[in-house]
1. Kindly evaluate A95 against the criterion of being at pLDDT 95 or above, touching a Leu at 6+ places or on another chain (Cβ under 9 Å) and surrounded by 19 or more Cβ atoms within 10 Å (Cβ to Cβ).
2. Against the condition crowded, with 16+ Cβ neighbours inside 10 Å, assigned to a helix (DSSP H, G or I) and at pLDDT 95 or above, how does A45 come out, does it pass?
3. Would you pick out the residues in segment 109-136 that are free of Cβ contacts under 8 Å to residues at least 24 places away in the same chain, small (G, A, S) and closer than 23 Å to I161 by Cα?
4. Of these, N122, N110, N70, which one is in a helix (DSSP H, G or I), surrounded by 14 or more Cβ atoms within 10 Å (Cβ to Cβ) and either touching a helix residue (DSSP H, G or I) at 6+ places or on another chain (Cβ under 7 Å) or of a type in the set (G, A, S) (or both)?
5. Filter segment 70-96 for residues that are of a type in the set (A, V, I, L, M) and in contact (Cβ under 8 Å) with a residue 40 or more places away in the chain; which is farthest from I161 (Cα to Cα)?
6. Looking at segment 136-145, which of its residues are within 19 Å of the chain's Cα centre (by Cα) and either buried (at least 18 other Cβ atoms within 10 Å of the Cβ) or farther than 17 Å from F87 by Cβ (or both)?
7. Give T91, T76, T125, T85 a once-over and let me know the one that is hydroxyl-bearing (S, T, Y) and touching a Gly at 6+ places or on another chain (Cβ under 7 Å).
8. Can you tell me which residues in segment 83-106 are over 15 Å from N142 (Cα atoms) and touching a Ser or Thr at 6+ places or on another chain (Cβ under 6 Å)?
Amino acid sequence: MDVKDIKGAKVTHAGLLKHNSDGTTETQKITHAGLVARSPEGTAAKGMNIRGNEDLWVEIQANTFRNWVNEHLRETGMQVHDWATDFCDGTCLCALVENLQTRPLKPSWNRRPANQHHYLENATTALKSIEADHIKLVNIGNVDIVNGNIKLILGLIWSLIVRYQIGRSKFPPRKLMLAWLQAALPDCRITNRWS
């Protein structure tokens, strides 16, 4: 399967030259998925054997997800720099969920939390709103957020990305993933079979 053969893929640029083994070149169309694959995170993931490199993989996820979260928090003036500390009071998570759901959270959340009780309430409010939007939360609670459990927070952010970014896309998630994989690994033959 070739990226340019995927129906419905948005071609964002047509100018990269693909160098063939026989010395010829051909123009290769670039999709959005291809551009993402060529990002620093995509490039790092491409040549990586995950087993034994879990810390590097977590760092790549953290950077990618941080960019996504900060893009959605831009209008609030908030930013995430450190997952362990910036999410611990629940304000960034509540603001993010409000932005993604395009409605205020009920009950309202404490914008200036002063103690751990307020932190836990904020995290609970955000998590309940996420669950009310039919997102299944697995193995994460308010204490995990307040304590800064990075892996669980990243898992939560991935669930939000799947629901609010990929889920809203007109491009089916399966085809989007296949397109990204093909762009990230152009020398491999990517098929529709997952076995």
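1. yes
2. So A45 fails the test.
3. Listed by number, the list holds a single entry, A132.
4. Details: N110 fails: in a helix (DSSP H, G or I); N70 fails: either touching a helix residue (DSSP H, G or I) at 6+ places or on another chain (Cβ under 7 Å) or of a type in the set (G, A, S) (or both).
Going through N122, N110, N70 in turn, just one is in a helix (DSSP H, G or I), surrounded by 14 or more Cβ atoms within 10 Å (Cβ to Cβ) and either touching a helix residue (DSSP H, G or I) at 6+ places or on another chain (Cβ under 7 Å) or of a type in the set (G, A, S) (or both): N122.
5. Here the answer is A84.
6. Hits for segment 136-145 are K136, V138, I140, I145.
7. So the residue among T91, T76, T125, T85 that is hydroxyl-bearing (S, T, Y) and touching a Gly at 6+ places or on another chain (Cβ under 7 Å) is T85.
8. From segment 83-106, those over 15 Å from N142 (Cα atoms) are 95-96, 98-106; that's our starting set.
The answer is A95, L105.
The values are calculated or read from the model by the stated rules, or taken from the named source; none is laboratory data. In this text, all values refer to a predicted model and were calculated from it rather than measured experimentally. Here the Cβ is made from the backbone with ideal geometry for all residues, glycine too, and neighbour counts use every protein chain on show.
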